[in-house]
Amino acid sequence: MGIVVGLLAGVGLLLVLLGLTSQPKARSRRPSRLRRLIDGAGVERMTPGALVGACCGVALVGGFIALVITGLPAAAVIAALVLAYAPVLVLRRRARQRAKALRSGWPDAVDLLSSAVKAGLSLPEAVVDLSTRGPAPLRPAFARFASEYRATGSFDQALAVLSSLLRDPVADRVILALATAREVGGTDLGKVLATLSDFVRQDARSRGDIEARQSWTVNAARVAVAAPWITLLLLCTRPEAVAAYRTTAGTAILLAAAVLSIIAYRVMIAFGRLPDEPRVMR
């Protein structure tokens, strides 16, 4: 038994380590859903294969811990299947936080662009200046824009690199506005940028208010799903309860409860989720 425990723990930790340290491979033209999730979270060193390995490692470790605590193989299997999704949930949470930070930074960035243009800088120079004076969440992307623009001298190509780095609907709208302003030019560039800043700020404020009001739905879903399983964990401290759930009927009840919990959680999350903004640029 000790050998099996050590082997499972070692394999799980190895898979988690590989998921965190693997180097990315060349990306395909059409990124997969996992690739888009990783890009949205801003984790450049992780690959889809490494994410799958991390999910397997967390599942093994979580299933073994559940087996030790409860003594129920069915509970261990359920815990392993649920915890296998934990790395994906972490990345989704990080992607939402990153999108929120980018969304809140764009109004200030456009204001700085408008001020720089009014001060006499050209539009490319004003965008490059954001790599040092822009909002902190956006500075790395604009630093990459500055490097690309200095290397190629092409404003459109540098904007394409910026769009591929940010992968954000708000960024797409701002980048298209900048490209259009660059092509059209004229004396109204400052007014265009000021209008764009107001639009982006109002959009971020409205979406933030809606997300704050609907957050209670997400929290309620989590509490409703977690409560019965916490109760099961407490019941497993009694030998008669463990013996009852080890029977065929007890196993069927646990599996049915797990399926219903997952369905109910997904339905509640679907009701409380805001629709994703479509990207203009791909």
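For Cα pairs less than 8 Å apart in space and 6+ apart in sequence, what is the mean separation divided by the residue count of the range 30-165, i.e. the relative contact order in percent? Can you show the working numbers first?
Numbers: 124 pairs, mean separation 22.3, N = 136.
That works out to 16 percent.
Please say if the range 62-161 is rounded, prolate or oblate, where rounded means a/c under 1.5 for a ≥ b ≥ c the square roots of the C-alpha gyration tensor eigenvalues, and otherwise the choice is prolate for a/b larger than b/c and oblate otherwise?
Note, shape of the range 62-161 comes out prolate.
Which FRET efficiency value, to the nearest 0.05, do you get for Val259 and Leu121 by plugging their Cβ-Cβ distance into 1/(1 + (r/R0)^6) with R0 = 41 Å?
Computed FRET efficiency for Val259 and Leu121 comes out at 0.10.
Test of understanding: what is the full-extension gain from Trp216 to Thr132, defined as 0.36 nm times their sequence separation minus their Cα-Cα distance?
Numbers: separation 84, 0.36 × 84 = 30.24 nm, distance 3.81 nm.
Length gained between Trp216 and Thr132: 26.4 nm.
Exposure proxy check: Glu148, Glu240 ranked by fewest other beta carbons within 10 Å? All intermediate terms of the calculation are to be shown ahead of the outcome.
Details: Glu148 19, Glu240 8.
Sorted ascending by nearby Cβ count, the order is Glu240, Glu148.
Taken together, the values in this text are just the output of simple stated rules run on the coordinates, not laboratory data. This one's a predicted model, so the numbers in the text were calculated from it and none came from an experiment. All Cβ positions, glycine included, derive from the backbone under ideal geometry; neighbour counts span all protein chains shown.
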